[in-house]
Structures are given as structure tokens and as C-alpha cells.
Amino acid sequence: MESITAKFTTAFRSERLIYRAIDMQDIPLVARMLWDPVNQGFGDPTLYTPISGTVGSVMVQKGLEASLLAVLICLPNPQAQQNTPGLPGNNLRAAQESAIPIGSLMLGKPTAPKTDHWRWTRMGLGIAEEHQGNGYGKEAVNWALDWAFEFAGMHRVELTTASYNERAISMYKGLGFKEEGRKRETIYMDRQWWDMVEFGILEGEWEALRGKKLSG
């Protein structure tokens, strides 16, 4: 069985990606990635209007304050020294500090009063347009599911997307999310009515996918 030390030293890495906390100075960068015209259209199905850098940064700040987890999704920097002498934790810290941000991911805290004991979280993510199509979003969501169930003790992870976001829907289903409901024709975009699609994955479903024993 993997030791707890190994768990800690690999907790913020996946096969190709590194994850680090979003600092205050990162907020404008996150806002630019989330609210470029393409990401905005697919990620925010509300009225499609330009979002200024200031407003975008305020929205990111509010997201951080309401988050259980908020990370930058990063690629390792091939120019950086990755074999920092010392303990494994130091190596991970060096890799995080030199990594190249390509997106962000947040898991939100429950918003309804007195529901913390339900142990659920809502996921949101965005990958910079120039890095889309490489499977980074899928890898990051998979990593976030592991974090939510292994470290945060969640029982369910949920998310929503517009029905025109076909690539995201295919990815979520491929990762084990179940479609749990639709608000039919609730989104108006490009002279068409679209559904808001709800997805969720339960702890037991994740355990079955990973071949883990049921907890308890």
C-alpha cells in the first residue's frame, strides 16, 4: 500500500500536470483565461457580454473566497531545474514554483446553510484556449476527483454545463459522471434554446472506477 509520505509528495501532481495554489497576484491571469471569448461562451451561459479585467478579477476573488480548493493547472517548466536536492517535498515545491499555468480549477464550498454534513462540492474549471484539445482538462478533473474523495472526505462531486458544450459533456461522462437532470430550454444563446445539464459522481462510483474498497 502506498505510504502516506508518498501520498503527500504526489498529491499535487498528475501524469503531465502540476497543481499549485492560486495567489493574489494570479487573479488577473485566471480572469484572462476564464473570460476569453471562447471560455466565457462555454463556461458561463448567462448573457454574453464583454467582461472587463476588473470585473473578471472580482469574480475570481469571490470564487476563491467560496472555494474548498482553488488551484492553477500547470505544465512543468522544461527549462527549470526539477531535481532540487533534498526531500521529495522540496522537489515538488520547486516544480510548483516554476510551473507554467494553463488553466484553473475550483471546488466550491456548500452554499446552502447547514449542509456541510452532506459532504458535496461543485466543480468548475477552465483551460486556456491555446492549450485545449490536449486532454489537460480531463486529466485535471480526474485529479480533482481523487483529491475530493481522498483528502476532503467528499461524498459527491457535481457540476453543470450547457447542452451545447458537447465536448465537455462527453468528457464528464467518460470520467464516470452521471447525468442527473436537465433544466430544459433554460439557456438562450445564438438564437437557440439550450438545456442546463446537471452531472454528479458519488464516492462509491469513484471507488468502483479506481478499484478501491468502500470506506467504512
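The values are calculated or read from the model by the stated rules, or taken from the named source; none is laboratory data. Everything quoted here is computed from the prediction, not taken from an experiment. Neighbour counts are summed over all protein chains in view; Cβ atoms, including those assigned to glycine, are modelled from backbone coordinates with ideal geometry. The accessibility values were calculated without ligands, DNA or RNA, using every heavy atom of the protein model including side chains. Shrake-Rupley method; radii C 1.70, N 1.55, O 1.52, S 1.80 Å.
Of note:
- Filter on LYS173/LYS212; LYS109/LYS178; LYS138/LYS212; LYS183/LYS212 - keep pairs with C-alpha separation over 25 Å: LYS183/LYS212
- Dipole of the chain, positive direction: furthest Cα of GLN96, MET154, TYR136, with charges on the beta-carbon: MET154
- Within the chain, longest stretch clear of exposed chymotrypsin sites (Phe, Trp or Tyr not before Pro) (DSSP loop, no more than 14 other Cβ within 10 Å): 49-150
- For the chain, calculated [θ]222 nm from helices alone, where every DSSP H run of n ≥ 4 adds -39500 (n - 2.57): -10500 deg cm²/dmol
- Solvent-accessible area per residue for the stretch 57-216 (1.4 angstrom probe, square angstrom): 56 Å²
- In this label model, ASN91 and THR186 are separated by 4.7 nm, measuring between points 7 Å along each Cα→Cβ vector.
- Cα shape, the stretch 92-216, gyration tensor, a/c 1.5 rule: oblate
- Projecting label points 7 angstrom from Cα along Cα→Cβ for HIS131 and THR54 puts them 2.9 nm apart.
- A cut-off under 15 angstrom between Cβ atoms defines the neighbours of ASP44, and their net charge, with Lys, Arg +1 and Asp, Glu -1, is 0.
- Exposure rank, largest accessible area first [THR111, THR49, THR9; 1.4 Å]: THR111, THR49, THR9
- Considering only the chain, percent of DSSP beta bridges that pair antiparallel, nearest 5: 90 percent
- Mean shadow area of the chain over all directions, Cα convex hull, nm²: 13.6 nm²
- Mean Kyte hydropathy of -1.0 or more with a Cα span along the axis of at least 15 Å, helices from DSSP in the chain: 53-65, 136-150
- Compactness of the stretch 119-163 is given as radius of gyration and Dmax, 11.9, 35 Å, from Cα positions.
- Rg to Rh quotient for the stretch 1-81, alpha carbon positions, Kirkwood Rh: 1.07
- Applying 1/(1 + (r/R0)^6) with R0 = 25 Å to the Cβ-Cβ distance of ALA11 and TRP118 gives a FRET efficiency near 0.55.
- Per atom type, the chain shows carbon and sulfur on 55% of its accessible surface, probed at 1.4 Å.
- Its Cα centre serving as origin, the chain has a Cβ charge dipole (Lys and Arg +1, Asp and Glu -1) of approximately 360 debye.
- Alpha-carbon centroids, the stretch 1-76 and the stretch 100-129: separation in whole Å: 10 Å
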